[in-house]
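S.K.: Pasting a structure here, questions to come.
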Amino acid sequence: MSAGRLFFIFLIAVLLLPPGDGNGAPPLPDPQKLKYPALTFSPPEPQRVELENGMVLYVLEDRELPVVNISAVIRTGSAYDPEGREGLADLTARVMRTGGTRSMTGDEVDNLLEFTAATLSLSAGTDAATADFFVLKKDFDRVFGVFADILMAPAFNEKKLELAKNLKIEELRRIADVPQKLAFREFRKVLYSGNPRGRLSTVESIGRIEREDLEGFHRRFFSPRNVMMAVSGDIDGREIVEKFRRHFGSWRGDGPVRDVPPPGEKLSASIHYLQKEGPQSTIIIGFLAPEKKSDDFYPFTLLDFIVGSGGFRSRIFSEIRSNLGLAYSAGSYYEGRTGYGVFGSYAITKSDATGRVFARLQEILKDVTRRRVGEEELLWAKRSIVNSFIFSFSSTDMIATQQMMIEFLGLPPGYLRDYRGRIEAVPPEDLLRVAVRYLRGDRATVLIVGDEKNFDRPLSSFGDVRKIEAK
Amino acid sequence: MKPMSLIDKRTLLRTWLPLLALMATFVFAPSSAPACDLEKKVRKYELENGLVVLLLERHVNPTVSFYIRHRVGALEEGEGLTGTAHLLEHMLFKGTKTIGTKDYRREKKVLDEIRKTGNALDLERLKGEQADKKTVERLSAELRELQTRAKGLMVDNEIDRLYTENGAVDLNASTGQDLTTYHVSLPANKVELWARIESDRMENTVFREFYSERDVVNEERRQTVESVPKRKLMELFLATAFKAHPYRRPIIGWPSDVSSLPIDYVERFFKTYHAPNNTVIAVVGDIDPAATLKVVKKYFGAIGRAPLPPLRVTTEPPQAGERRVELLADANPYLLIGYHKPALPAFDDYVFDVIDALLTRGRTSRLYRALVEERGLAESIDTANGFPGSKYPNLFVFMAAPRHPHTAKELEDAIYEEIEKLKREPVTARELEKVLNQFRADLVRDLDSNRGLASKLSYYEAIAGDFRYITGHLQVVESIRPEDIMKTARTYLTSENRTVATVVRKEKP
């Protein structure tokens with residue numbers, strides 16, 4: 001599989017500018033009528049290499065600074081946590097980093113990395129784990145072997161596992177100290193209920209995890225066909241591939257793992273309430289949304305931008321913050337993943353405005369399922385997304401990592417080249433169509449975290465309410 | 001010294017976590033070789049009106065980052081008027097006479113009436129119990145009606161729309177004790193758009209939606225302070241550590257001040273302190289410096305100088321005895337310890353940068369190894385130099401969360417043991433070398449970001465008076481000897497110079 005040609009030209013702004021409204025005062029030009037030179041840019045193209053054991057590597061040279069960056073992505077994550085052992089992916093990643101390797105203790109690894117000012121982080125998300133490594137070029141040969149050993153042959157020292165478990169348990173104990181953190185964590189549980197992604201770690205599940213669990217989890221997921229890497233910086237392409245071959249060439253393991261089934265479709269709406277004392281409520285309304293590979297990804301991206309992620313002008317922000325003055329944080333987010341997507345809209349407001357703000361959020365979401373988005377608003381969203389696309393290429397590391405992720409996610413090789421064109425081509429009726437399909441009021445998952453005795457109206461006036469407890 | 005990063009103007013989901021942290025610090029990067037290079041590459045100009053402009057070319061990709069820093073912050077606010085600098089920062093997103101209006105002449109008439117009515121309403125409300133309910137109701141109704149009329153004459157959030165539509169990212173602003181900052185990154189062909197908007201709002205900001213924005217700030221306060229015990233503790237801690245100097249006051253403002261901030265005062269504050277002779281601009285990225293300077297001159301050059309009033313700042317008297325304060329809350333224990341110390345460019349401030357790294361930078365740092373790993377007392381431990389501001393003598397702060405069942409007291413005592421070690425035993429050459437290596441690497445790393453560079457250049461130009469503070473930093477740090485660290489620790493990290501604040505779990509009745 002080839003990464004595809006990355007060469008394309010940025011030619012924006014000039015063609016897209018509309019006629020201004022002729023309203024500017026004489027001394028200053030109307031900002032809507034400013035003329036901009038064309039912007040051209042051909043991002044450098046990383047080279048794709050496949051090692052004999054199946055490990056895929058993207059390589060991009062950049063001599064600006066004497067540094068080397070490596071990003072790795074691993075097909076694993078908390079979605080793969082066994083039932084009753086929630087938190088295993090997270091602990092595995094943490095203790096791989098801290099628990100030493102076949103040739104060094106964890107403390108020796110830390111001493112070497114920190115003395116050379118190299119950084120290495122490893123973390124597990126829901127559907128993937130990532131590793132990021134930074135090192136000055138002069139120290140590369142001293143430290144690269146450590147990076148390789150941590151991925152291939154971690155030692156999982158018992159003491160470091162104990163420490164990681166203790167810290168994780170304390171972290172869980174402290175989640176409710178920050179109400180918004182609590183709210184978004186609980187929201188995941190209710191949105192993904194019945195799917196592994198909705199099972200999150202607890203003090204009990206962490207307590208059950210043992211060293212053998214980590215070893216088994218590592219064996220299952222950390223293997224050459226289940227990992228991809230991107231290396232960039234002050235390197236020689238051929239030389240670096242040789243170094244990867246030397247360190248990773250003997251790595252063996254099973255083929256790529258299968259994806260965890262996506263969360264099941266919601267068949268009904270639900271309102272969940274979690275009692276928490278404090279001056280404010282967090283209100284979240286969420287839906288399952290199109291996956292990244294779907295054609296609906298593009299219209300839904302625009303829809304989300306207009307509804308709540310497009311800054312001050314987006315509808316939720318503009319109404320709930322600017323017009324009503326009822327929130328500091330309000331908006332929406334959308335992420336298309338493999339096999340599914342997630343959309344959430346939210347506002348954080350004072351307790352006695354909870355009912356009012358919840359109702360406004362519902363109305364804003366309902367409106368996009370009933371009325372077409374206006375031409376001008378759609379044009380604004382398209383221009384915004386297309387014009388800021390250039391920032392996806394802000395550093396060499398980012399460019400290399402992005403190519404790797406395209407292959408990792410199974411996106412078409414021309415994904416980046418075609419992205420702007422596909423956004424621009426979305427017709428207004430498609431936004432209405434995806435809104436009707438994905439933002440159905442009778443399938444909304446709602447979570448409200450707050451103190452109902454201070455609400456302006458009872459939640460029961462919105463429908464059946466399920467009280468939940470944080471665990 | 002790590003500047004505190006302050007209060008963000010807007011919060012989208014991604015920025016929540018950094019906002020919830022006590023401070024989003026940027027670790028400052030000192031250095032030698034690449035830094036000298038940097039010194040040569042940065043072009044510095046001063047326009048006739050006093051505006052300082054720093055330009056740096058980087059042709060990695062066609063984008064540019066812009067930072068504007070005004071030398072004004074919460075420090076300059078009068079008594080009873082806390083929160084002014086921060087509310088003003090919000091007002092700068094409301095547009096100008098030519099951006100965000102449908103017909104400014106008509107709109108202005110309504111805005112003037114809003115101002116009159118709003119002032120009368122505030123004055124009545126300030127009477128507290130004596131306020132006349134009927135008058136309050138009448139004025140509130142009038143204000144609502146006027147606000148609806150004004151709404152019809154304005155264009156909502158137009159600055160944000162213009163920027164966003166043109167591909168802007170990282171559009172935000174922040175208010176600190178010392179500085180107020182506006183920043184954005186744009187595709188490289190949009191330099192003129194930035195100059196057009198920023199020069200206009202620096203001079204012609206129109207105070208639209210002033211009264212509803214005060215409500216937004218109250219929500220911001222509920223969300224970021226009142227709902228989060230460790231943030232609330234920070235406020236209490238600063239009010240305890242500083243008794244006289246304005247660093248004792250919260251940037252976001254005390255609730256009663258914010259609720260009645262007078263629009264006229266906020267506007268006067270704007271006219272006085274957002275003047276070009278009080279401002280530093282940094283532009284970093286894919287630019288042609290000569291052409292960029294021309295655009296900057298064209299748009300910013302016409303803004304008039306303003307006389308800066310002499311600033312009378314009370315000096316904090318030396319602390320003579322430990323101060324302790326606690327916050328009862330339905331939350332896990334949390335601990336803050338702070339020591340007064342001098343501001344940059346005092347030699348001791350550099351020494352504290354080293355102490356900061358020795359104590360908490362990375363897993364091999366002293367406090368992490370001892371308190372988190374070996375003794376298991378802490379869930380997290382961090383330190384910060386330069387709190388809550390950098391311009392005036394400030395604090396060196398420890399922030400720590402005990403791990404259950406260990407108590408804040410156990411953790412506090414363990415921190416003191418490490419401080420005593422710092423006073424007693426010289427740091428080894430290898431430990432010091434590690435810290436220097438980290439500082440050197442930071443600098444190289446930081447060169448990889450337009451935004452990071454623009455932020456740092458403008459920050460040190462505004463705070464230290466010269467961006468070359470960055471390049472000189474490592475030289476000073478490299479000269480620090482183990483005895484210096486012991487001496488600084490002995491001088492400042494003493495019990496009578498410290499303030500301790502803790503979150504204590506409130507027992508349920």
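The values are calculated or read from the model by the stated rules, or taken from the named source; none is laboratory data. Please read all numbers here as calculations on a predicted model, not as lab measurements. Here the Cβ is made from the backbone with ideal geometry for all residues, glycine too, and neighbour counts use every protein chain on show.
S.K.: Limited to segment A:348-363, what total is found for residues that are buried (at least 21 other Cβ atoms within 10 Å of the Cβ), assigned to a helix (DSSP H, G or I) and among the aliphatic types (A, V, I, L, M)?
M.R.: Total meeting the criteria: 3.
S.K.: Quick one: would you say A:Tyr346 is closer than 23 Å to A:Arg433 by Cβ and either within 12 Å of another protein chain (Cβ to nearest Cβ) or touching a helix residue (DSSP H, G or I) at 6+ places or on another chain (Cβ under 7 Å) (or both)? Steps first, please.
M.R.: Working: closer than 23 Å to A:Arg433 by Cβ: no; either within 12 Å of another protein chain (Cβ to nearest Cβ) or touching a helix residue (DSSP H, G or I) at 6+ places or on another chain (Cβ under 7 Å) (or both): yes.
The answer is no for A:Tyr346.
S.K.: Another one. Conditions: (1) among the aromatic types (Phe, Trp, Tyr); (2) within 12 Å of chain B (Cβ to nearest Cβ); (3) in contact with a strand residue (DSSP E or B) (Cβ under 7 Å, 6 or more places away or on another chain). A:Tyr58 meets all but one. Number of the miss?
M.R.: (2)
Condition check ((1) more than 7 Å from every other protein chain (Cβ to nearest Cβ); (2) not in a helix (DSSP H, G or I)) across all residues:
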{"position": "B:Arg201", "(1), (2)": "yes, no"}
{"position": "B:Phe207", "(1), (2)": "yes, yes"}
{"position": "B:Val217", "(1), (2)": "yes, no"}
{"position": "B:Arg222", "(1), (2)": "no, no"}
{"position": "B:Leu233", "(1), (2)": "yes, no"}
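S.K.: Scan segment A:263-290 for residues that are assigned to a loop (DSSP other than H, G, I, E, B) and surrounded by fewer than 18 Cβ atoms within 10 Å (Cβ to Cβ) and jot them down.
M.R.: At the first step, the residues of segment A:263-290 found to be assigned to a loop (DSSP other than H, G, I, E, B) are A:263-269, A:276-279, A:290.
Those that are assigned to a loop (DSSP other than H, G, I, E, B) and surrounded by fewer than 18 Cβ atoms within 10 Å (Cβ to Cβ): A:Gly264, A:Glu265, A:Leu267, A:Ser268, A:Ala269, A:Glu277.
S.K.: If B:Asp160 satisfies every condition in (1) outside any helix (DSSP H, G or I); (2) under 25 Å from A:Ser329 (Cβ atoms) but one, which is the exception?
M.R.: B:Asp160 satisfies all of (1) outside any helix (DSSP H, G or I); (2) under 25 Å from A:Ser329 (Cβ atoms) except (1).
S.K.: Please find, among B:Tyr392, B:Tyr416, the residue that is in a helix (DSSP H, G or I) and not polar (S, T, N, Q). Show your work before the answer.
M.R.: On the way: B:Tyr392 fails: in a helix (DSSP H, G or I).
Just a single option satisfies the conditions, and that option is B:Tyr416.
S.K.: State yes or no: is B:Arg451 under 25 Å from B:Thr63 (Cα atoms), among the basic types (Lys, Arg), part of a helix (DSSP H, G or I) and modelled with pLDDT under 95?
M.R.: Working: under 25 Å from B:Thr63 (Cα atoms): yes; among the basic types (Lys, Arg): yes; part of a helix (DSSP H, G or I): yes; modelled with pLDDT under 95: no.
Here the answer is no, as B:Arg451 does not meet what is asked.
S.K.: Looking only at residues in segment A:291-319 that are within 12 Å of chain B (Cβ to nearest Cβ) and assigned to a loop (DSSP other than H, G, I, E, B), which one is farthest from A:Gly336 (Cα to Cα)?
M.R.: The first filter runs over segment A:291-319 and keeps only residues within 12 Å of chain B (Cβ to nearest Cβ), leaving A:304-306, A:308-319.
Those left that are additionally assigned to a loop (DSSP other than H, G, I, E, B): A:310, A:314.
Details: A:Gly310: 17, A:Ser314: 20 Å.
Applying the filter and picking the extreme gives A:Ser314.
Each row is one residue, and each column tells you yes or no for (1) free of Cβ contacts under 8 Å to residues at least 24 places away in the same chain; (2) more than 30 Å from A:Leu288 (Cβ to Cβ); (3) away from every other protein chain (no Cβ under 13 Å); (4) crowded, with 16+ Cβ neighbours inside 10 Å.
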residue	(1), (2), (3), (4)
A:Phe144	no, yes, yes, yes
A:Lys160	no, yes, no, yes
A:Ile169	no, yes, no, yes
A:Pro179	no, no, no, yes
A:Glu204	yes, no, yes, no
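S.K.: Within segment A:396-424, restricting attention to residues that are surrounded by fewer than 21 Cβ atoms within 10 Å (Cβ to Cβ) and under 11 Å from A:Pro43 (Cβ atoms), which residue is modelled with the lowest pLDDT?
M.R.: Here the residue is A:Arg417.
S.K.: Need the failing condition index for B:Lys243 against (1) part of a loop (DSSP other than H, G, I, E, B); (2) away from chain A (no Cβ under 14 Å); (3) buried (at least 20 other Cβ atoms within 10 Å of the Cβ), just the number.
M.R.: (3)
S.K.: Let me ask something additional. Applying the selection to segment B:249-285, what residues are part of a loop (DSSP other than H, G, I, E, B) and either crowded, with 20+ Cβ neighbours inside 10 Å or of a type in the set (Ser, Thr, Tyr) (or both)? Write out each step before concluding.
M.R.: Taking segment B:249-285 first, the residues part of a loop (DSSP other than H, G, I, E, B) are B:249-254, B:260-262, B:274-275.
Across segment B:249-285, the qualifying residues are B:Arg249, B:Pro250, B:Ile251, B:Ile252, B:Gly253, B:Ser260, B:Leu261, B:His274, B:Ala275.
S.K.: Considering only residues of segment A:73-109 that are assigned to a loop (DSSP other than H, G, I, E, B), crowded, with 18+ Cβ neighbours inside 10 Å and acidic (Asp, Glu), which is nearest to the other protein chains (Cβ to nearest Cβ)?
M.R.: Taking segment A:73-109 first, the residues assigned to a loop (DSSP other than H, G, I, E, B) are A:75-77, A:81-87, A:99-100, A:102-105.
With crowded, with 18+ Cβ neighbours inside 10 Å added as a condition, the list becomes A:75-77, A:81, A:85-87, A:99-100.
Keeping just the survivors that are acidic (Asp, Glu) gives A:81, A:86.
Values: A:Asp81: 22, A:Glu86: 20 Å.
This residue is A:Glu86.
S.K.: A further question on this structure: Could you list, in sequence order, all residues of segment B:189-199 that are more than 8 Å from chain A (Cβ to nearest Cβ) and either without any contact (Cβ under 8 Å) to a residue 12 or more places away in the chain or among the charged types (D, E, K, R) (or both)?
M.R.: Step one: filter segment B:189-199 for residues more than 8 Å from chain A (Cβ to nearest Cβ), giving B:191, B:194-195, B:198-199.
Selection gives B:Glu198 alone.
S.K.: Continuing with this model, one more query. When B:Thr117 is evaluated against the numbered criteria (1) farther than 25 Å from B:Val280 by Cβ; (2) away from every other protein chain (no Cβ under 12 Å); (3) buried (at least 21 other Cβ atoms within 10 Å of the Cβ); (4) within 31 Å of the chain's Cα centre (by Cα), which criterion, by number, is the only one it fails?
M.R.: Every listed condition holds for B:Thr117 apart from (4).
S.K.: Is there a residue being over 30 Å from A:Ile271 (Cα atoms) and aromatic (Phe, Trp, Tyr) anywhere in segment A:233-246?
M.R.: Taking segment A:233-246 as the starting set, the residues that turn out to be over 30 Å from A:Ile271 (Cα atoms) are A:233-246.
Right, trim to aromatic (Phe, Trp, Tyr) and you get A:244.
Yes, because at least one residue in segment A:233-246 is over 30 Å from A:Ile271 (Cα atoms) and aromatic (Phe, Trp, Tyr).
For (1) of a type outside the set (S, T, N, Q); (2) surrounded by 15 or more Cβ atoms within 10 Å (Cβ to Cβ); (3) within 28 Å of the chain's Cα centre (by Cα), each residue gets a yes or a no:
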{"residue": "A:Leu200", "(1), (2), (3)": "yes, yes, yes"}
{"residue": "A:His218", "(1), (2), (3)": "yes, yes, yes"}
{"residue": "A:Arg225", "(1), (2), (3)": "yes, yes, yes"}
{"residue": "A:Met228", "(1), (2), (3)": "yes, yes, yes"}
{"residue": "A:Asp236", "(1), (2), (3)": "yes, no, no"}
{"residue": "A:Arg246", "(1), (2), (3)": "yes, no, no"}
{"residue": "A:Trp251", "(1), (2), (3)": "yes, yes, no"}
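S.K.: While we're here: Do you know which of the residues in segment A:110-142 that are within 14 Å of chain B (Cβ to nearest Cβ) and of a type in the set (Asp, Glu) is surrounded by the fewest Cβ atoms within 10 Å (Cβ to Cβ)?
M.R.: Among those that are within 14 Å of chain B (Cβ to nearest Cβ) and of a type in the set (Asp, Glu), it is A:Asp132.
S.K.: If you don't mind, there's one more thing I want to ask. Restricting to segment A:27-37, and then to whatever is facing chain B (nearest Cβ under 7 Å) and part of a loop (DSSP other than H, G, I, E, B), can you tell me which residue is surrounded by the fewest Cβ atoms within 10 Å (Cβ to Cβ)? Talk me through it step by step, then tell me what you get.
M.R.: Within segment A:27-37, the first condition is being facing chain B (nearest Cβ under 7 Å), and the residues that meet it are A:28-29, A:31, A:34, A:36-37.
Now narrow it down to the ones that are part of a loop (DSSP other than H, G, I, E, B): A:28-29, A:34, A:36-37.
Numbers: A:Leu28: 18, A:Pro29: 16, A:Leu34: 17, A:Tyr36: 17, A:Pro37: 12.
Result: A:Pro37.
S.K.: Another question, then. Considering B:Gly50, B:Gly80, B:Gly100, which residue is crowded, with 22+ Cβ neighbours inside 10 Å and either at pLDDT 95 or above or more than 25 Å from the chain's Cα centre (by Cα) (or both)? Explain how you work it out, then say what you get.
M.R.: Working: B:Gly50 fails: crowded, with 22+ Cβ neighbours inside 10 Å; B:Gly80 fails: crowded, with 22+ Cβ neighbours inside 10 Å.
That would be B:Gly100, the only listed residue that is crowded, with 22+ Cβ neighbours inside 10 Å and either at pLDDT 95 or above or more than 25 Å from the chain's Cα centre (by Cα) (or both).
S.K.: Restricting segment B:360-389 to residues that are surrounded by fewer than 24 Cβ atoms within 10 Å (Cβ to Cβ), in contact (Cβ under 8 Å) with a residue 60 or more places away in the chain and not in a strand (DSSP E or B), which is farthest from the chain's Cα centre (by Cα)?
M.R.: Going through the qualifying residues, I end up with B:Thr364.
S.K.: Look at segment B:297-345 and say how many of its residues are assigned to a loop (DSSP other than H, G, I, E, B) and farther than 30 Å from B:Leu47 by Cα.
M.R.: 14
S.K.: When you scan segment B:454-476, how many residues do you find that are part of a helix (DSSP H, G or I), more than 14 Å from chain A (Cβ to nearest Cβ) and under 25 Å from the mean Cα position of the chain (by Cα)? Steps first, answer last, please.
M.R.: Taking segment B:454-476 first, the residues part of a helix (DSSP H, G or I) are B:454-464, B:469-476.
Retained after the next criterion (residues that are more than 14 Å from chain A (Cβ to nearest Cβ)): B:455-464, B:469-473, B:475-476.
Still in the list and also under 25 Å from the mean Cα position of the chain (by Cα): B:455-464, B:469-473.
Going through segment B:454-476 one residue at a time, the tally reaches 15.
S.K.: Which of (1) outside any loop (DSSP other than H, G, I, E, B); (2) over 25 Å from the mean Cα position of the chain (by Cα) does A:Asp456 not meet, given it meets every other one?
M.R.: (1)
S.K.: Do we have A:Leu326 as assigned to a loop (DSSP other than H, G, I, E, B), over 29 Å from A:Tyr36 (Cα atoms) and within 14 Å of another protein chain (Cβ to nearest Cβ) here? Step through it out loud before you land on a result.
M.R.: Values: assigned to a loop (DSSP other than H, G, I, E, B): yes; over 29 Å from A:Tyr36 (Cα atoms): yes; within 14 Å of another protein chain (Cβ to nearest Cβ): yes.
Spelling it out, A:Leu326 is indeed assigned to a loop (DSSP other than H, G, I, E, B), over 29 Å from A:Tyr36 (Cα atoms) and within 14 Å of another protein chain (Cβ to nearest Cβ).
S.K.: Across segment B:433-448, what is the total count of residues that are part of a helix (DSSP H, G or I) and at the interface with chain A (Cβ under 8 Å from one of its Cβ atoms)? Working first, answer last.
M.R.: Within segment B:433-448, the subset part of a helix (DSSP H, G or I) is B:433-446.
Those left that are additionally at the interface with chain A (Cβ under 8 Å from one of its Cβ atoms): B:433-434, B:437-438, B:440-442, B:444-445.
The number of residues fulfilling the criteria is 9.
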